[in-house]
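Encoded as C-alpha cells, the structure appears first; notes follow it.
Every number here is computed from the coordinates shown, using simple stated rules; none is lab data. Keep in mind that this is a model prediction, so the values were computed, not measured. So basically every Cβ, Gly included, is an ideal-geometry build from the backbone, and we count neighbours across all protein chains shown.
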Amino acid sequence: MTKAELRRQMKETLAGLDPVGKAFESMGKCVGFIQGNAFKDAGLIVGFMPMKDELDILPVLRTAIDQGKKVVLPRIIEGTNRMDFYAITGEPNQQTEPNAWGVYEPKTDLEKVSLAQIAASDSVVVLVPGLAFDTKGNRLGRGKGFYDVFLGELRKAAVSKTLFCGACYNAQVVDSIPYDENDVRVDFLL
C-alpha cells in the first residue's frame, strides 16, 4: 500500500471513530503516560495542539505545566515545511490561536524556543502526531514533512536524552508503513 492510499484509509478510519470512545481512549493514554517514567523524567515536553481527529494530549500539556516542566508547541513558518517553537506557561487554549487551516498554534508574543535550546535541554519528550504508526516506530504524517524535518534535525542536534513518542489512537497502529530515508521513527507510542 502506498503512503497516499494509507493516508486516505486512515482519514476514513479516523472519521468513523466514536467521539465518546476517542475521549475515553485519549484520557486513558494521557493518564498512563503521565504516570510513566518518560513523563516523570522529562524536563521539557514538546507537544502540539491536537486537531479534531488527533489524540487529545491536552491533559499531558496541562499536567506538565502544573508540575513546572517546560512545554513548547510548534508554529508553522509560513511558506516552508519548518516550524518554530514557543513556550506556553498557562492554559494551552488561551495561549494559542488558529492558523489559516484551523490548526491551533502558539501566539507569537510567547517566548520563542530554538532548536538548539530544545536539543540542549535535559530529558526531552517530543509528542508526535501522525495519521498512522507501525510497531517499528515508523510514522505516516499528513504529507508536508514538518515533523520529519524537525525530528531529523533534533535527532542530530540532541545532546541529552530525547524520546520521540507517537501520539495516536489504537486504530491508527498498522502492521507496516512505507519508509524512506527522510522519515524519522518514533521511540514508542503513547
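Residues of the chain were split at every exposed loop site, defined as GluC sites (Glu not before Pro) in a DSSP loop with at most 11 other C-beta atoms within 10 angstrom, and the longest piece left, sites excluded, is 79-180.
Based on alpha-carbon atoms, the Kirkwood radius and the radius of gyration of the stretch 128-176 give Rg/Rh equal to 0.99. The phi-based Karplus calculation (6.51 cos²θ - 1.76 cosθ + 1.60; θ = phi - 60°) puts the 3J(HN,Hα) values of the stretch 133-143 at 9, 10, 6, 8, x, 5, 10, 10, x, 8, x Hz, whole numbers, x for Gly and Pro. Short-range pairs are left out: with C-alpha atoms under 8 Å and at least six residues apart, the relative contact order of the stretch 73-165 is 28 percent. In the elastic network of the chain, a GNM with C-alpha springs shorter than 10 Å, the most mobile of ASN37, ASN99, ASN170 is ASN37.
Of SER123, SER26, SER114, the residue with the greatest mean-square motion in the GNM of the chain, using alpha carbon springs below 10 Å, is SER114. Annotation note: chymotrypsin sites (Phe, Trp or Tyr not before Pro) in the stretch 78-185 located in DSSP loop regions with a Cβ neighbour count of at most 13 within 10 Å are TRP101.
Using C-alpha pairs under 8 Å with a sequence gap of at least 6, the mean separation divided by the residue count of the chain gives a relative contact order of 23 percent. For the chain, the mean residue ellipticity at 222 nm estimated from helices alone is -9500 deg cm²/dmol, where every DSSP H run of n ≥ 4 contributes -39500 (n - 2.57) and the total is divided by all residues, rounded to the nearest 500. Backbone amide hydrogens, once placed in the peptide plane, bring VAL113 within less than 5 Å of PHE85, TYR86, ALA87, excluding anything fewer than 5 places away on its chain.
Which shape class, rounded, prolate or oblate, goes with the stretch 1-99 when its Cα gyration tensor gives a ≥ b ≥ c as root eigenvalues, a/c under 1.5 marks rounded, and past that a/b bigger than b/c marks prolate?
oblate
The trypsin sites (Lys or Arg not before Pro) of the stretch 24-83 that DSSP puts in a loop, and whose beta carbon has at most 13 other beta carbons within 10 Å, are LYS52.
The stretch 123-190: which trypsin sites (Lys or Arg not before Pro) are DSSP loop and have at most 14 other beta-carbon atoms within 10 angstrom?
LYS136, ARG142, LYS144, LYS161
Summarising the overall dimensions of the chain from its C-alpha atoms, the Rg and Dmax are 15.6, 44 angstrom.
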